[in-house]
1. Please tell me if PRO61 is assigned by TED's automatic domain parsing to the domain that holds CYS131 and either surrounded by 13 or more Cβ atoms within 10 Å (Cβ to Cβ) or without any contact (Cβ under 8 Å) to a residue 60 or more places away in the chain (or both).
2. Can you find even one residue in the range 114-129 that is over 30 Å from PRO7 (Cα atoms), of a type in the set (A, V, I, L, M, F, W, C) and in a strand (DSSP E or B)?
3. For CYS81, state whether it is out of contact with any strand residue (DSSP E or B) (no Cβ under 6 Å at 6 or more places or on another chain), surrounded by 14 or more Cβ atoms within 10 Å (Cβ to Cβ) and of a type outside the set (Val, Ile, Thr).
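The values are calculated or read from the model by the stated rules, or taken from the named source; none is laboratory data. None of these values were measured; they are calculated from a predicted model. Note: ideal-geometry Cβ built from the backbone for every residue, glycine included; neighbour counts use all protein chains shown.
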Amino acid sequence: MEIRVIPFKKKTVTDDSLAKGERTVRTAGVNGTRRLVYRVTYLNGVQTAKRMVRQEVAKEPRSQVTAVGTKVEEPEQSGGCDPNYSGCVPIASDVDCSGGSGNGPEYVAGPVDVVGSDIYRLDADHDGIACE
């Protein structure tokens, strides 16, 4: 009798709850076994023939299942604040400094640091600090 390994198969499935590209093993693969039975003929103590008479699966292999993520993370919302400024400057068609001569429609109380482009021209003296 001889025992042989039956290798497990690998299967991949998509999972929209995992981040895109993330991989996780859902089911671990397990090899199976096959039992082979032979009829062996000897002549004067020397093997002269070997013929398989039966084979059976002793243990079925279990496939390995790997999930691959497809979920695309939504960009974090800025909460309505313009990323060009370190304080919360609202995103609007126009923003002016509170107490200034601008006509809005939105206003911000300063001071506010300019960390990108001063798209609302709130930094009148160009020192990187708006509405001071």
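1. Values: assigned by TED's automatic domain parsing to the domain that holds CYS131: no; either surrounded by 13 or more Cβ atoms within 10 Å (Cβ to Cβ) or without any contact (Cβ under 8 Å) to a residue 60 or more places away in the chain (or both): yes.
No: the conditions fail for PRO61.
2. At the first step, the residues of the range 114-129 found to be over 30 Å from PRO7 (Cα atoms) are 114-129.
If we keep only those that are of a type in the set (A, V, I, L, M, F, W, C) as well, we get 114-115, 119, 122, 124, 129.
Restricting the remaining residues to those that are in a strand (DSSP E or B) gives 114, 129.
Yes, there is a match, as at least one residue in the range 114-129 is over 30 Å from PRO7 (Cα atoms), of a type in the set (A, V, I, L, M, F, W, C) and in a strand (DSSP E or B).
3. On the way: out of contact with any strand residue (DSSP E or B) (no Cβ under 6 Å at 6 or more places or on another chain): yes; surrounded by 14 or more Cβ atoms within 10 Å (Cβ to Cβ): yes; of a type outside the set (Val, Ile, Thr): yes.
So CYS81 passes the test.
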